[in-house]
Structures are given as structure tokens and as C-alpha cells.
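Student: Submitted below is the structure of interest, expressed as C-alpha cells.
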Amino acid sequence: MWGGTVPQASTSSPVVVPPVLYVPVRPHPDIGNYPEVRTLADGRLALLAYTALDRLADACGENQPWVLLSVSELGVIKAEHAFDVVAFDPQLPAVLLKDGKLA
């Protein structure tokens, strides 16, 4: 949503999804934390979600704001912030990072 595309999510190996996810967010002065949704190479909108905090920090930077989200809350998030798929543990191009977080 904020420019740049991420590679298409791989479907070659199944992802074991824990009961909670680390979701990178963008602080917004009026609505609070807005989840990071990015455009995949195939045009779908993907909610970025990480299965461990170190994976989020490795992909998004050490200064990336995040929230801990129960998997059961994904439907509520989808109703408020449109996305087509959840991208689990995506590696992001360095061009999308600035100052230790998503640009």
C-alpha cells in the first residue's frame, strides 16, 4: 500500500502457524497502528505477518513497530484493512527499508 512490491509468497512448503503473529504496523496519528499491507508481484494485497519476533526484526528492521495479534483476530483485521492473503515470514527487499524499519 505504501509503494514497492514484495515477491510472491512461496507455496512450496507449508507454514506452521502459531496461535499468535507479529504484525508490522505503521503508526497513524488518527487511527493508531495500521497493519502493513503490501502488493505482491501478482497484484494481490498481502498482510505481512511473522511467526517469531526475530524474523520480523530480520526482515523489517530492528526499529519496526509491531503488534502481537492472535490468529483468531485476522478476520477482524481483514474487515478493517483490506488484504487478500497473509504473507508469513516474508523476506523484503532492502529498498523497502529505511532507518531500521519499513519505509
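The values are calculated or read from the model by the stated rules, or taken from the named source; none is laboratory data. What you see is a predicted model, and the numbers here were worked out from it, not measured in a lab. Counting neighbours? That spans all protein chains shown, and the Cβs are built from the backbone with ideal geometry, glycine included.
Student: When you scan the stretch 1-92 for strands (runs of 3 or more DSSP E) that lie fully inside it, which ones turn up with 1 or more residues that are over 20 Å from residue 103 (Cβ atoms) and either at pLDDT 95 or above or under 11 Å from the mean Cα position of the chain (by Cα) (or both)?
Tutor: It comes to 20-28, 66-70, 85-88.
Residues checked against (1) surrounded by fewer than 16 Cβ atoms within 10 Å (Cβ to Cβ); (2) touching a helix residue (DSSP H, G or I) at 6+ places or on another chain (Cβ under 8 Å); (3) of a type in the set (S, T, N, Q); (4) free of Cβ contacts under 8 Å to residues at least 12 places away in the same chain:
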position	(1), (2), (3), (4)
14	yes, no, no, yes
21	no, yes, no, no
35	no, yes, no, no
49	no, no, no, no
56	no, no, no, no
66	no, yes, no, no
90	no, yes, no, no
94	yes, no, no, yes
